[in-house]
Each structure stands twice: as C-alpha cells, then as structure tokens.
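The block underneath contains the structure these notes are about, expressed in structure tokens.
Where a number appears in this text, it was derived from the coordinates with a stated rule and is not lab data. What you see is a predicted model, and the numbers here were worked out from it, not measured in a lab. Cβ atoms come from the backbone with ideal geometry, glycine included; neighbour counts cover every protein chain shown.
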Amino acid sequence: MTSSELTLRGVGKSFGRGNRRNRVLDGIDLTLADNEFVSLVGASGCGKSTLLSLVSGLQDYDEGTIEVGGSLVEGPGRDRGVVFQHYTLMPWLNARQNIEFALKAAGYSRADSTRIANEHLALVGLSESAEAYPSQLSGGMKQRVAIARALSYKPRMLLMDEPFGALDALTRRDMQELLIDVWQHHRLTVLFVTHDVEEAVFLSDRVVVMGRYPGCIREEVNIDLPRPRKPEVTGSPEFAELHWRVMSSIKQEAALAS
Amino acid sequence: MSKTATNDIGEPMPADVHERESSNRTKATPRRRRRPLLSITTRIDSRRYLAISTVAFVLFVMLWWGITAAEIVKPMFLPSPERVWQRLSALAAGGQLWDDLGISLFRISFSFFLACAMAIPLGMLIGSFRVLDAAFEPMIDFIRYMPVVAFVPLTILWVGTNEPQKYLIIWLGTFFQLTLMVQDCVKRVPRDFIDVGRTLEMREWTILQRIVLPSSAPAIWDAMRICLGWAWSWLVLAELVAASAGMGYRITVAQRYFQTDTIIGYVLVLGLLGLASDQLMKLLGKTMFRYQERT
Ligand SMILES: Nc1ncnc2c1ncn2[C@@H]1O[C@H](COP(=O)(O)OP(=O)(O)OP(=O)(O)O)[C@@H](O)[C@H]1O
Ligand SMILES: [Mg+2]
C-alpha cells in the first residue's frame, strides 16, 4: 500500500441560506494514493465540480477534513495544479508567456521560467506554437498549454474539471493519450472529473461513481487494465465489462433518484 | 473506433470544428460564394469602407451647398460652404484659429488625463472589492446623474473663471461616468482568470495588476474613447459660459456679431477634432490589443 496523497473525511458542502439551503455534498470519504489517477463520474449536478473546487481550495467546505500530503487544505495552493473546463489562458500572453506567468508567480527566475516553459511546451508538443496567442490556437491546443502551465511549477496533484469537454472526439482521444504520457513522465496524483465514462475507464486506476441529492460516493470501480494502455484497449472485452459496470452504476443511481 | 457526437451519458458534445484536420478531403475546384453586400456578417475591405464614408461626407457638403445655392435659407443663418471655408482660411492665416485650438486642446487633454488617472484606479478597486463597491458605487451613481450644466454657475462660485474652472467642468462630466464604466469592465473579468491567480498563490494586489488590469484593458480603453467623446462637449460648454479664449469662446463672440460663418466653421473644426481623436484612439487600441485578433 503506497502512502495516501489526498484524503477526504466526511466532507460536506451546502449552498445558500435558510430554507433555500441546498445540500450539495454529504459525507464524502475518498482517498487517493500517491501517483494514482482517479476519475469522478456521475450525472450532471451531482457535485463533481464542487468536490474538485473544494480540493483545489477555491471554495470552502462546511464539514469534514481534506488533507493533501498530510496537511489540511485551507485555500488554494501551488501544491495543486488546476486545469479548468473553460479556456483560461491569458489572452494577452502568448503560449510561452502563459506558462512563464505561472512560473514567475511561483518564484522562478526569468531565465529558469523561460527554460522550463520551453520544456513543457515540448512536452505537450507545442514548441512550434510558443509565440502564438490564445486567439490563434485551437481549443485542443489551448488545453494543452493549460496542462503544461498547471504542470510547470511541479504540483503534487493535478485537478482537472472536464478539461476535454469542449473538444471533438478525435482531439479528445489525442489529448487523453497525451495526458497519460505526461502523467507517466511526471508521476503525479490526478483527480479527473468527466462525464464521459469511456474516458474515465481508459485513463484511470480507479473510477469513483457519484450519486445525487445530496452528492455522495456511490461506488468505486478499480480499473485493473495493464499499463501502458493503447487506444486499442477500448475494444477489449475487459474494457467493455468495466465500462458496463460504471455505466450501470450511474444508471441505477439515476433510477433511484427519479 | 467510431464515436458518436454524444457522450456516454447521452449529452451532446460540442464538436470543435477547428480541430478536425481530416475533414478537408474535398479538394474540388475552389468556388467562393459571393455574399450579398447587405448581409449582417458581411465584411468589407478598408478601401471600400473609406470610399463609402468619403462619399457620405461629399454628399453632405453637396446638400449643404445645394441649400445655400438655391437660397432656401438666408446666408445670415446658413452661409455657403465657400464662405465658411474663406472665413476659416482667414482665421487660420491670422493665427487666431491656431491659438483657440491650442488652448482648447490643452484644456481637454489635461482634464481628460486627470479624469482617467483618477477614474481607472478607483473603478478597478470598486469593481474588485465589494466593500469599496458599497462605499462608493451608489454615491457615484447618484452624482453622475446630476446635470453637469447645472454645476457651471457653482464651479464659477467655487474656483472663479480661470483655467481650473474649465478643468473642473470637463472632469465633472467624465470622472464619475468613467469610474462606473471601469468598474463594469473589471466586473466582467472571467472568474476563472482570477481563480488561476489564486491557485498560483498570487496576492490580491498582484492579481489586480497582473490579471484584472490586463484582462479588462481593452474594455477600459473603449470606455475611455466614449468618455473622450463627451469631454469635447463639456469643453465647449465650459468655454461658452465664462472664458476669454478657446474654441467655445470664439463661438460666443461670433454670435454677438452675427458671424454665422465663423460659428459653423468652428463647429466643423470641433467635429473634425472629435472624429480624429476617436479614430486615433481606435487605431491605438487596435495596435495595443492586437492579440485579440485571429491571424
Ligand atoms: N455557487 C453555487 N451556488 C449555489 N448552488 C451551486 C453553486 N455551485 C453549484 N451549485 C449547485 O450544486 C450542485 C452541484 O453542482 P456541480 O457544478 O458541482 O455539479 P457537476 O456534477 O459538476 O455537474 P456537471 O456535470 O453538469 O458539471 C448543482 O445542483 C448546482 O446547482
Ligand atoms: Mg461540473
């Protein structure tokens, strides 16, 4: 058993006040091991994004504890890199400057920032586009720069909220393979939100299925497919079976809720 | 491996068209569809744009010329274009036009600069911090709807009829408006951008400088452009009432002597100045914020 990197115990979260109070997350217990890749799936509105933002520290939780690397989460921090669903590259900076922006904020010198930014652009295959502004990049390229930015300052964890949600199927597949490459290269812990079950099974060591009203953890499915995984694995019977297990868990949940 | 356009939970996924490199398989003869000129998204090149707007100006002058040539209106009320041109040339040759222009340009530049230098920081603070919003926004909103014209007699009582009174009028007319416009620009900075700063553990002050300011800069520039347009009106107002030089002053003097040619000439010059300053701001904005364009 490897050491645990992220631990959530009895985490709860509500929005609103008085009788408009809406309980969004309830009694969430979840542990991620060091270097583990875990996906959160579940129907729309079950609180996946909320849970991720609690871990990132961008929102505060009401109950329970969240620990990263043994210390309590009390706000955002550079130990957790975040990739947002919407494009968040600064439009006035080109691809390289966007990565340097993060590195400078993390205290790197100008020379180091440029060097590390170039390395990370190469890592996501965008060395050619270093000088391009976000308005000149495609959606997939923008997310690649965003991933490079989040990785550049060496966080312990990467938190991703449907980072490929706006991309078409082909680009999505490319991005998934790229992400796996990068993950193996960097050896970090990833918490990944998606509502694409195939994506979750293909990428993850473990898929966490969430339920609704209030948001909770319904089931955890270990994905024991061997790594490195080739895209062909999605056609294998083992994959189909795991895919089915996650799917039926979500469907059951939906039936319960309605 | 085929994937449909819906994901596994059955929600449609937006396909990013730019990503599909494999879709340009059809390499038939290139055939460009001619777009009708009057279609909402049709763009025209800058040469054609310039031609159309020049024609509009020429038509305007011809209409004016036609009215005076046909003597529909008495020359004392509406002098002909030639007369106005002769008068302006004479005033330019005598140096009076340039003196008036110089004074007015200084007044508007100085006061507008002052208004911007104060409104931009204040607007950014109000737009970013709710506490300051509560403290300033309702009050400024209240003040900005007070008629500037009504402040003219007050400003004369307060600071006299010297230069500061002109600055004060222009400042009153632009500072409050611009502050709230800047506040609005700052509020539109995407929340995610600020969250990026937070995840990088940037301090609030750094987020303000490095994220909020550059992100809202194009919109703030536009707000400044609009305010500069108003500033021209406030300038003339200030000069009409109590001045001993400047474009507005010359207009009131000309009125006393029924010199409608001078009045119209000066009004046209003011119009041209406004047009030039607006186009200059647009051009500067285009160069400064070039990154917004796709190339
Ligand atoms: N700031 C907020 N204020 C009030 N309610 C909120 C807020 N943010 C989220 N919620 C509510 O919390 C619930 C969970 O939202 P969340 O965005 O976490 O869902 P999700 O699982 O990410 O959904 P999706 O798959 O559609 O992205 C929803 O019912 C939503 O209305
Ligand atoms: Mg979400």
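Comparing A:ASP161, A:ASP62, A:ASP205 in a Gaussian network model of chain A, where Cα atoms under 10 Å apart are tied by springs, the biggest mean-square fluctuation is seen for A:ASP62.
Divide the volume of the convex hull around the Cα atoms of chain A by the residue count and you get 139 Å³ per residue. Fully extending the segment from B:PHE77 to B:PHE113, taken as 0.36 nm per residue of separation minus the present Cα-Cα distance, adds 9.2 nm. Can you compute log10 of I(q)/I(0) for the range B:82-198 with the Debye formula, treating each Cα as one identical point scatterer, at q = 0.17, 0.19, 0.22 Å⁻¹? Scattering profile of the range B:82-198, log10 relative to I(0): -0.91, -1.01, -1.16. Across A:LEU170, A:LEU126, A:LEU203, mean-square fluctuation computed from a Gaussian network of chain A (C-alpha pairs under 10 Å connected) peaks at A:LEU170. The DSSP beta bridges internal to the protein assembly as shown are antiparallel in roughly 55% of cases.
Remark: C-alpha extents of the range B:84-292 on the principal axes read 68, 40, 20 Å, sorted largest to smallest. Each residue in A:THR7, A:THR171 was given a count of other beta-carbon atoms within 10 angstrom of its own, and listing them fewest first yields A:THR7, A:THR171.
When peptides B:188-198, B:75-85 are ranked by their average number of other Cβ atoms within 10 Å per residue, the highest-first order is B:188-198, B:75-85. Shielding by partners for A:75-82, please: the mean number of other protein chain Cβ atoms within 10 Å of each residue's Cβ. Mean partner shielding for this stretch: 4.
Taking 29 Å as the straight-line reach from the Cα of B:LYS282, the lysines in range (excluding those fewer than 8 positions away in the same chain) are A:LYS142, B:LYS166, B:LYS187.
Taking N as the residue count of the range B:200-295, its C-alpha radius of gyration divided by 2.2 N^0.38 Å amounts to 1.61. For the protein assembly as shown, the alpha-carbon radius of gyration amounts to 1.30 times the rule-of-thumb value 2.2 N^0.38 Å expected for a compact globular protein.
Can you tell which of B:MET62, B:MET281, B:MET181 shows the greatest fluctuation in a Gaussian network model of chain B with Cα springs below 10 Å? Checking each option, the largest mean-square fluctuation is seen for B:MET62. Relative to the dominant Cα principal axis of chain B, helix B:260-288 is inclined by about 20°. The phi torsions of the range B:206-216, fed into the Karplus equation with coefficients 6.51, -1.76 and 1.60 and a -60° offset, translate into couplings of 5, 4, 4, 6, 8, 10, 5, 4, x, 5, 9 Hz, rounded to whole numbers, with Gly and Pro shown as x.
Computed over chain B, relative contact order equals 20 percent, with contacts defined as Cα pairs under 8 Å that lie 6+ residues apart. For the protein assembly as shown, the residue among B:MET224, A:THR31, B:MET139 whose Cα projects farthest onto the positive side of the dipole built from Cβ charges is B:MET224. Across peptide A:41-51, the mean count of Cβ atoms from other chains lying within 10 Å of each residue's own Cβ comes to 1. Counted by Cβ distance under 13 Å from B:GLY285, the other residues give a net charge of +1, where Lys and Arg count +1 and Asp and Glu count -1. Using C-alpha pairs below 8 Å separated by at least 6 residues, the relative contact order for the range A:64-133 is 31 percent. Here the gap between B:GLN292 and B:TRP158, fully extended at 0.36 nm per residue and compared with their Cα-Cα distance, gives a gain of 43.7 nm.
Here the Karplus curve 6.51 cos²θ - 1.76 cosθ + 1.60, taken at θ = phi - 60°, turns the phi angles of the range B:39-50 into couplings of 10, 4, 9, 5, 9, 10, 6, 5, 5, 5, 4, 4 Hz, with x standing for Gly and Pro.
A simple packing score, the average count of other Cβ atoms within 10 Å per residue, orders the peptides A:211-219, B:156-164, A:63-71, A:92-100 as A:92-100, A:211-219, A:63-71, B:156-164, with the highest score first. Peptide B:188-199 is shielded by partner chain Cβ atoms: per residue, an average of 6 of them sit within 10 Å of its Cβ. Taking 18 Å as the straight-line reach from the Cα of A:LYS251, the aspartates and glutamates in range (excluding those fewer than 8 positions away in the same chain) are A:ASP196, A:GLU198, A:GLU199, A:GLU219, A:GLU220, A:GLU241, B:ASP8, B:GLU11. Among residues other than A:VAL24 with Cβ under 11 Å from its Cβ, the summed charge is +3 (Lys and Arg +1, Asp and Glu -1).
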